[in-house]
Amino acid sequence: MLKQYIAVDSMNIPPKGLLLAASSGLLLTASFPALGLDWLAWFALVPLLVSIQTLSVKKSFWLGFIAGFVHYLTLVYWLVYTMKAYGNLPLPVAISILVLMAAYLGLYIAFFAAGVSLGSTGPVGCLITIPLIWVSGEYLRSFLFSGFPWEFIGHSQFKRLHIIQISDILGVYGISGLIALSNTALWLCFLFLTKTRIRKFAVTRPLAVSALLTLVTAFCINWSYGSWRIRNVDHWISNAPSVKIGIVQANIDQSQKWDPAFQDRTIAKHINLSLAAAKGGPQLLVWPETATPFYYLSDTRLSAKVQEGIRTAGTDFLVGSPSFVHRTDRIDYYNSAYVISADGKVSAKYDKAQLVPFGEYVPLKKWLPFLGKLVENVGDFKAGEKGNAVAWMGYRLGIQICFEIIFPGLSRAMVQNQAGLLVNITNDAWFGHTAAPYQHFSMTVFRAIENRRALVRSANTGISGFVDPVGRVMAATPIFTEAVLLRSIPVLTDQTLYTRYGDAFARGCLVAVLVAALGKAARA
């Protein structure tokens, strides 16, 4: 059966369909940073839906694949830069890997289109099934093959505070579902205006009007909740204790970062910026991921320089550094963050739990021994404990390193373990002057809203910044500049429905789709 659905149809797909599908892919990409035309997301899928409305499941699958392939090829194009510049891969190899990545991710939209075609039960049914199928696909992408929840369609709205507050109940999937509903309603209106059928079903004026009213009602309910929730959380913030945090963005060139000749200069730059920041009286200064380009505490000379700088600053530090632990029969390496008190002593340590495939470890290494890593380290990194919120000044910090911040379950687990603040340290120098740093930063906003926690982000080359529990970006740095930021941020303790129940909404969508699919198969 599966081959029947995904095999290339013997009949040619109309060129107009290919153009429409590719247009959806481009519109989706344009709704995300760096272009950031977020309003495009509300109708970006309409061309794809128009292209498949009368086609077979097989043709719909391939048009969905075209839309997805074009979207991800243009969204994560920066992989080529990273792999060539820092993985030292030949350009053809880097491009080939991007193509394979885009092809894999494109399958999610391919199955979405096939599902829409297979599950079409008329215009009314589409209003329900299309959002369900879209959200189910995003949810599957969040964890299949280690997961890649990069820029779901809901993330495009990260600047629209009134729209995205529902994330503290439904997660980003609630926004994605609303956007999918918008695309469906607009598609049905288009079909009515052009007198086009969905297979044997016609879209009448009452149906088109009802679709629009459904969208408007859902949007107004969401907006009203957002307005109320912003006022409500602002009241929490005004009555909450606060701490003053400083961020250090040293802008260390990635090509020099691991060169021993530059180690002393790197440490000196971080310390000098920290001493300048210390004049503002922060209670904690945050350095980026692997800010110390050596094994902290192991290299005694360089560690002593860092400790001297910390004692001079006279405040607590959070410092990113690689680390290792001697086991009986091996050495385990970690990507870590140390909490260091003002006297230079380590008070807590966090080890990164969600590692980057082919960057920090090689998946299926036993079967793929020829594949290398894209970062410079000694041996594969090991994963730390998920949800490990570390103690600091009577509070707990939910530290996430690099792309851990795009996984909502990690932030949620830390808040469940009493984290009062979220801290993301990263090194986005790998991405250069591409859209990736802006895309990466956009997703951090949702971690703050989902759990109603202030978020601190320190990035080697930017974007560093502060996000409050409403999702406001309180401050942000340009990329590839030296910068210091200081802010007093609130420490909240209440847990949201999302923190308690996680992706229940997304799981419910997936269950509904599977039940409907099984029911359809049973009737066939």
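Here are some notes:
- Counting only residues that are assigned to a loop (DSSP other than H, G, I, E, B), within 22 Å of F148 (Cβ to Cβ), open to solvent by less than 40 Å² (accessible area, probe 1.4 Å) and not acidic (D, E), the range 378-389 holds 2 of them.
- Number of positions in the range 424-444 that are surrounded by fewer than 23 Cβ atoms within 10 Å (Cβ to Cβ) and in a strand (DSSP E or B): 0
- Taking the range 272-286 as the range and being surrounded by 17 or more Cβ atoms within 10 Å (Cβ to Cβ) and either among the hydrophobic types (A, V, I, L, M, F, W, C) or not in a loop (DSSP other than H, G, I, E, B) (or both) as the test, the residues that pass are L273, S274, A277, A278, L284, L285, V286.
Rundown of residues vs (1) open to solvent by less than 10 Å² (accessible area, probe 1.4 Å); (2) out of contact with any Leu (no Cβ under 8 Å at 6 or more places or on another chain); (3) aliphatic (A, V, I, L, M), yes/no style:
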{"residue": "T266", "(1), (2), (3)": "yes, yes, no"}
{"residue": "H270", "(1), (2), (3)": "yes, yes, no"}
{"residue": "P288", "(1), (2), (3)": "yes, yes, no"}
{"residue": "L302", "(1), (2), (3)": "yes, yes, yes"}
{"residue": "K305", "(1), (2), (3)": "no, yes, no"}
{"residue": "Y338", "(1), (2), (3)": "no, no, no"}
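- No other residue among R447, R452 is at positive phi and either buried (at least 24 other Cβ atoms within 10 Å of the Cβ) or modelled with pLDDT of 95 or more (or both) apart from R452.
- Of all residues making up the range 123-153, the number that are closer than 19 Å to F61 by Cα and open to solvent by less than 20 Å² (accessible area, probe 1.4 Å): 8
- Scanning the range 390-413 for residues that are assigned to a helix (DSSP H, G or I) and open to solvent by 10 Å² or more (accessible area, probe 1.4 Å) gives C402, F403, P408, G409, L410, R412, A413.
- Taken together, S142, S156 contain a single residue that is among the polar types (S, T, N, Q) and more than 13 Å from T444 (Cα to Cα), which is S142.
- In the range 223-240, the residue that is farthest from I179 (Cα to Cα) out of those that are open to solvent by less than 90 Å² (accessible area, probe 1.4 Å) and without any contact (Cβ under 8 Å) to a residue 60 or more places away in the chain is S238.
- Counted residues, the range 198-208 - those being open to solvent by 40 Å² or more (accessible area, probe 1.4 Å) and in a helix (DSSP H, G or I): 3
- If you go through the range 448-457 and pick out every residue that is under 16 Å from the mean Cα position of the chain (by Cα) and either part of a loop (DSSP other than H, G, I, E, B) or within 17 Å of L273 (Cα to Cα) (or both), you end up with 1.
Residues are listed down the side, and each one gets a yes or a no for (1) farther than 17 Å from I340 by Cβ; (2) at pLDDT 95 or above; (3) of a type in the set (A, V, I, L, M):
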site: I237; (1), (2), (3): yes, yes, yes
site: A240; (1), (2), (3): yes, yes, yes
site: Q254; (1), (2), (3): yes, no, no
site: D264; (1), (2), (3): yes, no, no
site: K279; (1), (2), (3): yes, yes, no
site: Q283; (1), (2), (3): no, yes, no
site: D299; (1), (2), (3): no, no, no
site: L302; (1), (2), (3): no, yes, yes
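- Which numbered condition S31 misses (of (1) at pLDDT 95 or above; (2) out of contact with any Asp or Glu (no Cβ under 8 Å at 6 or more places or on another chain); (3) not β-branched (V, I, T)): (2)
- Subset of the range 103-160 [under 12 Å from the mean Cα position of the chain (by Cα) and either hydroxyl-bearing (S, T, Y) or closer than 24 Å to R199 by Cα (or both)]: S142, S156
- Of the numbered criteria (1) of a type outside the set (S, T, N, Q); (2) over 30 Å from Q495 (Cβ atoms); (3) in a helix (DSSP H, G or I), the one K195 fails is (3).
- Hits in the range 477-524 (condition: open to solvent by less than 80 Å² (accessible area, probe 1.4 Å), free of Cβ contacts under 8 Å to residues at least 12 places away in the same chain and closer than 30 Å to N239 by Cβ): A504
- Residues that are among the aromatic types (F, W, Y) and touching a helix residue (DSSP H, G or I) at 6+ places or on another chain (Cβ under 9 Å) are absent from the range 241-259.
- Residue within the range 250-260 that is touching a residue at least 40 places away in the same chain (Cβ under 8 Å), out of contact with any Cys (no Cβ under 6 Å at 6 or more places or on another chain) and under 17 Å from Q165 (Cβ atoms) present: no
- Residue selected from the range 211-222 under the condition of a type in the set (S, T, N, Q) and touching a residue at least 40 places away in the same chain (Cβ under 8 Å), by the criterion most open to solvent (accessible area, probe 1.4 Å): T214
- Any strands (runs of 3 or more DSSP E) falling wholly within the range 462-516 and containing at least 1 residues that are at negative phi and in contact with a Cys (Cβ under 9 Å, 6 or more places away or on another chain): none
- Subset of the range 45-85 (residues that are modelled with pLDDT under 95, surrounded by 19 or more Cβ atoms within 10 Å (Cβ to Cβ) and not in a helix (DSSP H, G or I)): Q53, L55
- Lone unmet requirement of (1) outside any helix (DSSP H, G or I); (2) under 17 Å from N451 (Cβ atoms) for I247: (2)
- Flag not set for V473, criterion: without any contact (Cβ under 8 Å) to a residue 12 or more places away in the chain and either hydroxyl-bearing (S, T, Y) or open to solvent by 60 Å² or more (accessible area, probe 1.4 Å) (or both).
The values are calculated or read from the model by the stated rules, or taken from the named source; none is laboratory data. Bear in mind that the values here come from a model prediction, so they are computed numbers and not experimental data. FYI the Cβ positions are ideal-geometry reconstructions off the backbone, even for glycines, and counts take in every protein chain you see. These accessible areas exclude ligands, DNA and RNA; they are computed on the full protein's heavy atoms, side chains included. Shrake-Rupley method; radii C 1.70, N 1.55, O 1.52, S 1.80 Å.
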